[in-house]
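Let me begin by presenting the structure, written as structure tokens, before commenting on it.
The values are calculated or read from the model by the stated rules, or taken from the named source; none is laboratory data. Just so we're clear, the structure is a prediction, and the values are computed from it rather than from any experiment. Counting neighbours? That spans all protein chains shown, and the Cβs are built from the backbone with ideal geometry, glycine included. Note: accessible area is taken over every heavy atom of the protein model, side chains too, but ligands, DNA and RNA are not part of it. Shrake-Rupley method; radii C 1.70, N 1.55, O 1.52, S 1.80 Å.
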Amino acid sequence: MTTSQHDDSYPWTWEPAAGALAALLITGILSLQIGRALVLAIAGHGWFWPASSSLITSSWGIITGDLTAGLPPLQGASDSPWFAWTAAATIFVATTAGLVVVAVRWRASTLHKGMASATQAERLLGVSRLKTHRAVIRPDLYCTRRR
């Protein structure tokens, strides 16, 4: 039985779209912070993570090119933000693609509830069932008892 045979009593409204937009925004902010932390770690400054109060506000600083936004002052950390942007974009794309794959697999698993496999369909409708029930289907030809 497919889900298209049932009416949805709750219509789609703005909540799923707002949830998806919020998830993308959070993924983008976390990607920026992880990208910056990776670049600083690779450059030899260590792994730095901003305080929770400046997590969102320091993201705008990273976008504008300040890799030390929301962090204590670091020497030579603002060389080039391109590596941080590249790392953040890679993390964002990979995370978003992973979430899309998970969502598509979840949705596909809910679409076809009750679908039979090929062996189940053959067992139910195929030649083997006709042979086992031939006495019921054609009692005049395949009667099991004597007349």
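Below, the figures for the structure above:
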| read-out | value |
| --- | --- |
| Relative contact order, percent, the stretch 27-76 [alpha-carbon distance under 8 Å, six or more residues apart] | 31 |
| Candidates 90, 13, 57: whichever shows maximal mean-square fluctuation once the chain is modelled as a Gaussian network with Cα springs under 10 Å | 13 |
| Distance in nm between pseudo-label sites at residue 23 and residue 118 (7 Å out along the Cβ direction from Cα) | 3.3 |
| By accessible area with a 1.4 Å probe, ligands and nucleic acids excluded, highest first: order of 101, 136, 93 | 136, 93, 101 |
| Relative contact order (percent, whole number), the chain, Cα cutoff 8 Å, 6+ residue spacing | 26 |
| From the coordinates shown, Rg/Rh (Cα atoms, Kirkwood Rh) corresponds to which of (i) 0.95; (ii) 1.10; (iii) 1.44 | (iii) |
